[in-house]
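The values are calculated or read from the model by the stated rules, or taken from the named source; none is laboratory data. Small disclaimer: the values here were computed from a predicted structure and weren't measured. Reconstructed Cβ throughout: ideal geometry from the backbone, glycine too, with neighbour counts over all protein chains shown. Heavy atoms of the whole protein, side chains included, go into the accessibility calculation; ligands, DNA and RNA do not. Shrake-Rupley method; radii C 1.70, N 1.55, O 1.52, S 1.80 Å.
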Amino acid sequence: MIKIAETRGPVLDLIKERWSARAFSDQKISEADLHTMIEAASWAPSSMNEQPWRYRYAMQGTDTFEQMWDCLSSGNQPWAKQASVLLLSTAKKNFAKNDSPNRHALHDTGMANAFLMLQATQMKIYGHMMGGYDPVKLQEIFHLPEDEEAVCIIALGYLGTPDQLEEPFRSRELTPRSRKSLEAFISEN
Ligand SMILES: Cc1cc2nc3c(=O)[nH]c(=O)nc-3n(C[C@H](O)[C@H](O)[C@H](O)COP(=O)(O)O)c2cc1C
């Protein structure tokens, strides 16, 4: 409950309830549920309906999971080890039809990821996006094509309890979320 956003206006419950958890339980996410989350992502809008997002995933207990986990930074490895799925989000940087640069690719992939996270929240699955990973190691595992860029790795799982985490992660799991006030980033002009 401590993580539910306190908002001024009537913001959607799903948005208020999503947060970046670090404590994951042993419960496994099924492949069907993972595909539902990715399908939700695919319904995001995108420039020219290009759908530049791509996803690669590894289930807990597989060699690929270990390899992907090994790419994570030291601030992410301790808690992400317990995730049920590690999901790599990438963006195709060029339009399929003429290979010209799609300057909206990262934007649209971020939007797809937001849809994915909200679908996950509806399914009581928690996602934690990570930019802290070694891109060179990641490239060695996935051999991403030239025109595909890694965006983030998302740790996914059902919620565990803070006491399974070591500090400083346990405290972070118990700290309310905060945001800038609206005045800090909107203006009428
Ligand atoms: C692109 C991106 C990269 C992030 N990288 C990391 C990361 O490497 N490690 C981490 O613990 N959290 C990471 N986060 C999570 C943010 O810290 C988190 O979303 C932010 O503090 C707001 O908290 P909330 O998601 O619980 O509302 C990342 C989030 C995004 C969107």
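Within segment 68-86, the set of residues being of a type in the set (Ser, Thr, Tyr) and open to solvent by 20 Å² or more (accessible area, probe 1.4 Å) comprises SER73, SER74.
Sub-9 Å Cβ pairs linking a first residue in segment 28-48 that is small (Gly, Ala, Ser) to a second residue that is exposed (fewer than 12 other Cβ atoms within 10 Å of the Cβ), at least 6 apart or interchain, are SER47/ARG103, ordered by first then second residue.
Every condition in (1) assigned to a helix (DSSP H, G or I); (2) touching a helix residue (DSSP H, G or I) at 6+ places or on another chain (Cβ under 8 Å); (3) within 16 Å of the ligand (Cβ to nearest atom); (4) open to solvent by less than 70 Å² (accessible area, probe 1.4 Å) holds for ILE15 except the one numbered (4).
Given the structure, is ARG22 open to solvent by 30 Å² or more (accessible area, probe 1.4 Å), in contact with an Asp or Glu (Cβ under 8 Å, 6 or more places away or on another chain) and within 14 Å of the ligand (Cβ to nearest atom)? The answer is yes for ARG22.
Could you please find all residues in segment 39-67 being crowded, with 18+ Cβ neighbours inside 10 Å and part of a helix (DSSP H, G or I)? Correct list: ALA40, ALA41, PHE65. Across segment 140-159, the number of residues qualifying as more than 13 Å from VAL85 (Cα to Cα) and within 11 Å of the chain's Cα centre (by Cα) comes to 2. With the structure loaded, tell me whether PRO52 is touching an Asp or Glu at 6+ places or on another chain (Cβ under 7 Å) and closer than 18 Å to ALA150 by Cα or whether it fails that test. Yes, satisfied.
Quickly run through segment 71-110 and pick out the residues that are in a strand (DSSP E or B), within 15 Å of the ligand (Cβ to nearest atom) and over 13 Å from the mean Cα position of the chain (by Cα). Scanning segment 71-110 gives LEU72, ALA91. Sub-8 Å Cβ pairs linking a first residue in segment 87-102 that is open to solvent by 90 Å² or more (accessible area, probe 1.4 Å) to a second residue that is outside any loop (DSSP other than H, G, I, E, B), at least 6 apart or interchain, are PRO101/ASN94, ordered by first then second residue. Can you tell me which residue is surrounded by the fewest Cβ atoms within 10 Å (Cβ to Cβ) among those in segment 170-189 that are among the hydrophobic types (A, V, I, L, M, F, W, C) and part of a helix (DSSP H, G or I)? Ranking the qualifying residues of segment 170-189, first place goes to ALA184.
Scan segment 111-169 residue by residue and report those that are closer than 14 Å to SER20 by Cα, assigned to a strand (DSSP E or B), open to solvent by 30 Å² or more (accessible area, probe 1.4 Å) and within 12 Å of the ligand (Cβ to nearest atom). Passing the criteria: TYR126, MET129. When every residue of segment 47-67 is checked against the conditions, at least one turns out to be more than 16 Å from the ligand (Cβ to nearest atom) and touching a His at 6+ places or on another chain (Cβ under 7 Å).
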